[in-house]
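Okay, structure first, notes after.
The values are calculated or read from the model by the stated rules, or taken from the named source; none is laboratory data. What you see is a predicted model, and the numbers here were worked out from it, not measured in a lab. Heads up, the Cβs are rebuilt from the backbone with ideal geometry, glycines too, and the neighbour counts pull from every protein chain shown.
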Amino acid sequence: MKDSGILFVDDDILFLALLRECFMQRGIVIQCAENGEDALQMIQQRPFALLLTDLQMPGMDGLELAGKARKLMPDLPIVLCTGAVTPEVCALAEEIGIAQVVRKPIRFSELFAIVGNIVSLQQTENLLKISPLEESLAPA
């Protein structure tokens, strides 16, 4: 199944609406969830190319969401956005395998660059993967 887009998770619905509009202006359709539970349901329904999540949300926080999402999609790139970038948060993020921790507030230009870099890297890695059939057909 092909990865089908970018999922943003934040309990600030105005921020999500602004994100959706900014990405749409660049021709990028994103999916949004207001909490971790909704995000996990969305991930179970279809794969995503990238997950960006806020750290501090009611109920399930971004680190817990990242850990659970990682179990569903082990190769899913995850970016954690937070106003509280601490050594502890960075250590936990590294344990989970979060690709990047970003300090809030974030400029949209910076966010577009992060998304572009991660998605581009992921596409490059996918191109470099050789299937067992292709490998068996390769000249020795």
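Scanning segment 48-66 for residues that are among the small types (G, A, S), more than 10 Å from V9 (Cα to Cα) and outside any loop (DSSP other than H, G, I, E, B) yields a total of 1. The residue list A93, A69 contains one member that is under 11 Å from the mean Cα position of the chain (by Cα), part of a helix (DSSP H, G or I), in contact (Cβ under 8 Å) with a residue 12 or more places away in the chain and buried (at least 16 other Cβ atoms within 10 Å of the Cβ), which is A69. If you go through segment 10-47 and keep only what is exposed (fewer than 12 other Cβ atoms within 10 Å of the Cβ) and assigned to a loop (DSSP other than H, G, I, E, B), you end up with R26, G27, V29.
For segment 72-90, a residue qualifies if it is surrounded by fewer than 20 Cβ atoms within 10 Å (Cβ to Cβ), touching a strand residue (DSSP E or B) at 6+ places or on another chain (Cβ under 6 Å) and within 21 Å of F112 (Cα to Cα), and exactly one does: V85.
Taking the criterion of being within 20 Å of R107 (Cβ to Cβ), within 13 Å of the chain's Cα centre (by Cα) and of a type in the set (S, T, N, Q), would at least one residue in segment 12-25 satisfy it?
no
Here is a check on your reading of the model: is F23 closer than 21 Å to V101 by Cα and modelled with pLDDT under 95? Taking the combined requirement at face value, the residue satisfies it.
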